[in-house]
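Every number here is computed from the coordinates shown, using simple stated rules; none is lab data. Computed from a predicted structure; not experimentally measured. For neighbour counting, all protein chains shown are included, and Cβ atoms are generated from backbone atoms with ideal geometry for every residue, glycine included.
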Amino acid sequence: MTEPLKIIVPMAGFGKRLRPHTWSRPKPLVSAAGDTVLGHVLTTLKTAPNAQEAEMVFIVGYLGDQVQAYMKANYPEIKTHYVQQEELLGQSHAIAMAREHMQGPMLIVFVDTVIDTNFSFLDDEEADAVIWVKEVEDPRRFGVVELDNAGMVQGLIEKPDDVSNNLAIVGIYYFKRGEDLLATIDEQISQGVQTKNEYFLADAIDMMLKKGLKLRPETVNVWLDAGVPETVLRTNRHLLDGGRDNSAEASKRAGVDIRPPVFIHPSAKVESSTIGPYVSIGRDCDVQGSSIENSVLEAAVQLKDSELKDSLLGERSQVAGMKGSLNLGDDSTVAA
């Protein structure tokens with residue numbers, strides 16, 4: 001790869017399925033296993049060819065200033081650009097907002113998705129484009145790829161009627177020439193090629209396939225969605241199982257029963273409590289006399305005398321004397 005990689009990150013949506021958390025923060029800044037979802041994606045992107053030279057273009061909307069502040073505070077070494085999407089007209093429209101950066105090799109990454117992959121192969125990729133997929137048992141609620149006899153993609157199918165094509169599209173794409181995709185998106189929009197009144201990337205890719213695009217599928221074994229509370233907890237469990245825990249360090253805390261895997265931020269205060277399994281506790285939390293399992297506590301949560309499981313607690317939440325499952329946005333207060 002002779003030119004710097006451009007990484008386009010569309011994230012202008014409202015994240016309605018993850019409310020109340022997305023009332024006050026963009027969906028990619030929700031936490032799991034000691035980091036934000038965006039942070040986990042950025043860790044994977046470090047495997048891309050010449051990653052230190054890559055440029056990231058964030059397509060932002062509601063609360064987009066938080067993304068810029070997060071990147072500046074945590075990843076100042078990454079060259080970033082920010083483009084505001086005022087109208088939510090679909091994926092293709094969002095990607096085209098980055099037109100001044102769409103030259104040469106380009107990745108498109110939708111960051112409510114965490115996958116286990118290594119991007120280093122792109123340095124020697126021969127296909128015009130790559131689409132990441134995962135084999136699923138029932139593909140009827142996903143977009144899937146249709147392959148030809150040579151194993152290359154010949155079409156994309158949105159929510160197929162049967163299960164014969166079971167390679168689901170996971171939301172990451174590579175194009176050797178970003179300018180070719182942009183030209184097709186411009187054509188798509190000028191012709192009004194929409195699905196359900198939106199300009200979908202799948203329609204643009206279908207147009208490119210008809211023109212001879214050589215699109216190869218790259219199969220992954222792990223695809224984690226962080227779009228709704230239940231899947232955030234599932235993602236947290238997988239990442240903790242995969243080595244993102246600090247159970248050994250957490251076990252040194254006096255008066256705390258640790259049931260691995262867990263992640264407890266070093267600045268968090270935890271006393272007289274049982275933590276785990278599958279619990280992440282963020283920075284500056286204060287947990288007293290409580291039992292927690294399968295839950296994520298964002299930063300600065302205060303939890304006292306409670307028994308919680310299957311819970312998401314937003315930043316600065318205050319909870320006392322509660323039992324069961326809670327899904328609280330930032331700055332919530334709940335007491336028995």
Self-check item: Cα convex hull volume per residue for region 120-267 (Å³)
Solution: 182
Self-check item: Dipole moment magnitude, nearest 20 debye, region 72-164 about Cα centre, only Lys, Arg, Asp, Glu C-beta charged
Solution: 460
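Find the relative contact order for region 83-177 and round it to a whole percent, using C-alpha pairs within less than 8 Å whose residues are 6+ positions apart. Intermediate results must be reported in sequence, preceding the final value.
On the way: 130 pairs, mean separation 33.4, N = 95.
About 35 percent, as a whole number.
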Exercise. Please report, in cubic angstrom per residue, the volume enclosed by the convex hull of the alpha-carbon atoms of region 246-335.
Key: 60
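By its C-alpha gyration tensor, with a ≥ b ≥ c as the square roots of the eigenvalues, how is region 291-336 shaped: rounded for a/c under 1.5, else prolate for a/b larger than b/c, else oblate? Provide the component values of the computation, followed by the final result.
Working: a/c = 1.64, a/b = 1.17, b/c = 1.40.
Here region 291-336 falls in the oblate category.
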Exercise. For region 53-192, just say rounded, prolate or oblate: build the C-alpha gyration tensor, square-root its eigenvalues into a ≥ b ≥ c, call rounded for a/c under 1.5, and beyond that prolate if a/b exceeds b/c, oblate if not.
Key: prolate
Self-check item: Candidates Asp286, Asp245, Asp124, ranked by Gaussian network fluctuation over the chain, Cα under 10 Å, top entry
Solution: Asp124
Quiz item: Tilt of helix 178-191 relative to the longest C-alpha principal axis of the chain, in degrees (0 to 90, nearest 10)?
Solution: 80
Practice problem: Let me know the charge dipole size of region 155-215 about its Cα centre in debye, to the nearest 20, where only the beta-carbon of Lys, Arg (+1) and Asp, Glu (-1) is charged. | Solution: 240
Quiz item: Can you pick out the pairs among Lys159/Lys196; Lys16/Lys323; Lys134/Lys159; Lys6/Lys79 whose Cα atoms lie more than 20 Å from each other?
Solution: Lys16/Lys323
Quiz item: What is the Cα radius of gyration of the chain over 2.2 N^0.38 Å, N being its residue count?
Solution: 1.06
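For the chain, what is the calculated [θ] at 222 nm in deg cm²/dmol (nearest 500), taking -39500 (n - 2.57) for each run of four or more DSSP H residues and dividing by its residue count?
Rounded to the nearest 500, it is -5500 deg cm²/dmol.
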Exercise. Just the number, please: percent antiparallel of the DSSP beta bridges in region 1-79, rounded to the nearest 5.
Key: 20
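Expressed in whole Å with the largest first, what are the equivalent ellipsoid semi-axes of region 216-261 derived from the C-alpha gyration tensor as the square root of 5 times each eigenvalue?
Numbers: eigenvalues 176, 36, 6 Å².
Equivalent ellipsoid semi-axes, largest first: 30, 13, 6 Å.
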Self-check item: Size-normalised alpha-carbon gyration radius of region 153-201, reference 2.2 N^0.38 Å
Solution: 1.35
Quiz item: Which angle from 0 to 90°, rounded to the nearest 10, does the C-alpha axis of helix 201-210 make with the longest principal axis of the chain?
Solution: 30
Exercise. Express as a percent, rounded to the nearest 5, the fraction of DSSP beta bridges in the chain (both residues included) that run antiparallel.
Key: 30
